[in-house]
Amino acid sequence: MRTGEVTTAGRRTWTWLTWLRWLPWLPALLLVAAAVAPLVLYWLGNVDDQRLVDLDVYRTGGEAVLEGRSVYGFVTPAPQLLPFTYPPVAALLATPLAAMSWPAAQWAWTALIFLTLAVTVGLSFRALLTGTGTQGAVPASPVVVPGTPAGDLVRADARTRPRGTGWAGGLERLRGMDRLWAPLLFAVLMIACTYLMPIRDQVRFGQVDILLVALCLADCVARRPVWPRGMLIGLATAVKLTPGVFLIYLLITGFGPGARREQRDTFLVAALTAVLLTLLPFVVIPADAADFWFRALLDPERLGANAATTNQSMRGMLIRLYLPDVLTSLLWVALVAVVAWYGFRHARRALLDGHPMAGVALVGLMAVLLSPVAWIHHLAWVVVVLGALAGDGRDPVRVRVAAGVWLYYVLPIPWWGVTIKAAEIPVLSPVLGKIVQNGFGLGALFLVWLLGVWLPGRRAAFQALR
């Protein structure tokens with residue numbers, strides 16, 4: 001029997017030869033480390049009062065819990081003066097950070113950012129990495145595989161199908177060398193996603209967004225989760241509220257016409273988890289829990305200047321028009337209703353059509369656009385968008401579109417708008433500057449259309465060509 005074959009008892013023999021298949025991952029990880037090191041060393045070497053300022057908020061919140069001080073009554077030292085803005089369960093979860101030294105917390109949190117980014121990249125680009133996407137795939141037929149017990153039928157995977165020509169053929173031939181190809185491609189994707197501006201800001205500020213993305217994504221697309229599906233969405237919702245859009249997604253896909261029972265079960269687990277984690281602080285730190293839900297949550301200015309360029313939500317874009325407050329609020333409510341209807345409708349359709357990654361990407365964009373305040377780093381969902389657009393990589397048009405979206409969110413486009421406005425060129429500066437300043441938010445709206453309308457049409461067109 002050869003190394004790695006399956007025995008009749010269903011056991012696999014493991015020798016040192018088997019472990020050799022993992023060796024290509026070592027240079028891939030070293031390549032990632034070398035490529036991201038300049039970014040990490042730059043921001044972790046920043047001056048003290050500018051270094052991972054949001055991580056400082058989390059850690060100080062954890063310290064307040066351990067020392068019995070008010071979680072919502074402090075601000076970090078000048079010049080930041082940042083308050084704790086998350087639900088009280090987040091302060092409880094931040095206590096391990098408070099137990100670390102500040103340098104240790106910085107390195108530990110940065111490592112967690114890249115670990116969760118790796119999970120997000122692996123799940124988002126799973127179809128590209130494994131060649132198992134539905135788009136453009138040839139339906140597999142049952143075949144008899146030599147070496148298995150007589151009569152056993154298994155399905156042919158991408159490597160047993162006839163290879164095509166052109167772009168798809170080249171991709172199939174690369175997949176024939178998947179032990180070398182997959183780690184290298186993963187490394188390239190990991191590096192590319194690291195330098196997206198929303199991900200760079202994760203490292204710069206020590207933010208939590210990519211962790212929340214990984215939690216929600218894993219809950220939605222993991223094939224065999226070892227946890228009750230829905231638990232991670234409930235955790236993410238309890239920690240930062242905005243992932244609560246996934247409860248809406250699970251609700252509309254788990255109930256009503258065409259509903260899926262697994263979505264309904266996931267919704268119930270997610271809702272129960274979120275409720276329990278929300279109630280827990282009322283037992284452990286009741287004064288802080290009441291302070292958040294009945295005072296701090298109602299003060300939007302605690303989140304920072306809502307009109308700042310970094311707020312790329314629809315409300316942020318409207319505020320920068322400087323219309324009367326009442327008109328701004330009315331326009332925002334109307335836009336929220338329209339965009340929510342459009343986005344969730346297409347997310348539901350994507351899931352029912354067998355494209356859950358596109359559904360998750362659309363819901364993630366809802367978390368950004370519908371929120372009253374959504375900073376640039378909240379757009380970490382762009383990683384999932386890129387994976388949904390690229391698919392299994394067989395359609396070169398989809399790959400090129402994904403590359404264009406990647407480039408768009410690598411560039412500091414909103415800050416170009418600030419520069420154009422500062423130039424004070426008549427007519428040009430006020431109009432063009434405002435549009436460019438809102439570039440990432442407007443881009444997110446365009447991505448909703450791209451995923452909801454263009455992508456299904458492109459799938460159908462590519463399938464027809466095959």
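Give V239, V269, V245, V283 a once-over and let me know the one that is part of a helix (DSSP H, G or I) and out of contact with any helix residue (DSSP H, G or I) (no Cβ under 8 Å at 6 or more places or on another chain). Walk me through it before giving the result.
Working: V239 fails: out of contact with any helix residue (DSSP H, G or I) (no Cβ under 8 Å at 6 or more places or on another chain); V269 fails: out of contact with any helix residue (DSSP H, G or I) (no Cβ under 8 Å at 6 or more places or on another chain); V245 fails: out of contact with any helix residue (DSSP H, G or I) (no Cβ under 8 Å at 6 or more places or on another chain).
Result: V283 is the single residue among V239, V269, V245, V283 that is part of a helix (DSSP H, G or I) and out of contact with any helix residue (DSSP H, G or I) (no Cβ under 8 Å at 6 or more places or on another chain).
Somewhere in the stretch 260-280, is a residue at pLDDT 95 or above and under 22 Å from L379 (Cβ atoms)?
no
Just to be sure I understand, how many residues within the stretch 24-78 are within 21 Å of W293 (Cα to Cα), part of a helix (DSSP H, G or I) and among the β-branched types (V, I, T)?
Adding up the residues that qualify gives 3.
Could you please find all residues in the stretch 157-215 being modelled with pLDDT of 95 or more, of a type in the set (S, T, Y) and in a helix (DSSP H, G or I)?
Scanning the stretch 157-215 gives a single hit, T194.
Taking only the stretch 343-371 into account, find how many residues are assigned to a helix (DSSP H, G or I) and open to solvent by 60 Å² or more (accessible area, probe 1.4 Å).
2
Which count do you get for residues in the stretch 38-79 that are farther than 18 Å from M100 by Cα and either basic (K, R) or open to solvent by 50 Å² or more (accessible area, probe 1.4 Å) (or both)?
Quick first cut of the stretch 38-79, residues farther than 18 Å from M100 by Cα only: 38-43, 45-47, 49-50, 69-75, 77-79.
Next, from what is left, pick out any that are either basic (K, R) or open to solvent by 50 Å² or more (accessible area, probe 1.4 Å) (or both): 38, 41-42, 45, 47, 49-50, 69-70, 73, 75, 77-79.
Residues meeting the conditions: 14.
If V453 meets every condition in (1) under 23 Å from C220 (Cβ atoms); (2) within 16 Å of the chain's Cα centre (by Cα) apart from one, which number is that one?
Here V453 meets the rest and fails (2).
Quick check on my filter: what residues within the stretch 266-311 are of a type outside the set (A, V, I, L, M, F, W, C) and open to solvent by 30 Å² or more (accessible area, probe 1.4 Å)?
First, pick out the residues of the stretch 266-311 that are of a type outside the set (A, V, I, L, M, F, W, C): 266, 273, 278, 281, 286, 288, 291, 295, 299-302, 304, 306, 309-311.
Answer for the stretch 266-311, where residues must be of a type outside the set (A, V, I, L, M, F, W, C) and open to solvent by 30 Å² or more (accessible area, probe 1.4 Å): T278, P286, D291, R295, D299, P300, E301, R302, T310.
Residue-wise test of (1) under 18 Å from V384 (Cβ atoms); (2) small (G, A, S); (3) out of contact with any Lys or Arg (no Cβ under 7 Å at 6 or more places or on another chain); (4) open to solvent by less than 70 Å² (accessible area, probe 1.4 Å).
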{"position": "A222", "(1), (2), (3), (4)": "yes, yes, yes, yes"}
{"position": "T237", "(1), (2), (3), (4)": "yes, no, yes, yes"}
{"position": "G254", "(1), (2), (3), (4)": "no, yes, no, yes"}
{"position": "R260", "(1), (2), (3), (4)": "no, no, yes, no"}
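The values are calculated or read from the model by the stated rules, or taken from the named source; none is laboratory data. Bear in mind the structure is a predicted one, so any value in this text is a computation, not a measurement. Quick reminder, even Gly has a Cβ in these numbers, built from the backbone with ideal geometry, and neighbours come from all protein chains shown. Protein only, heavy atoms only, side chains kept; ligands, DNA and RNA dropped before computing areas. Shrake-Rupley method; radii C 1.70, N 1.55, O 1.52, S 1.80 Å.
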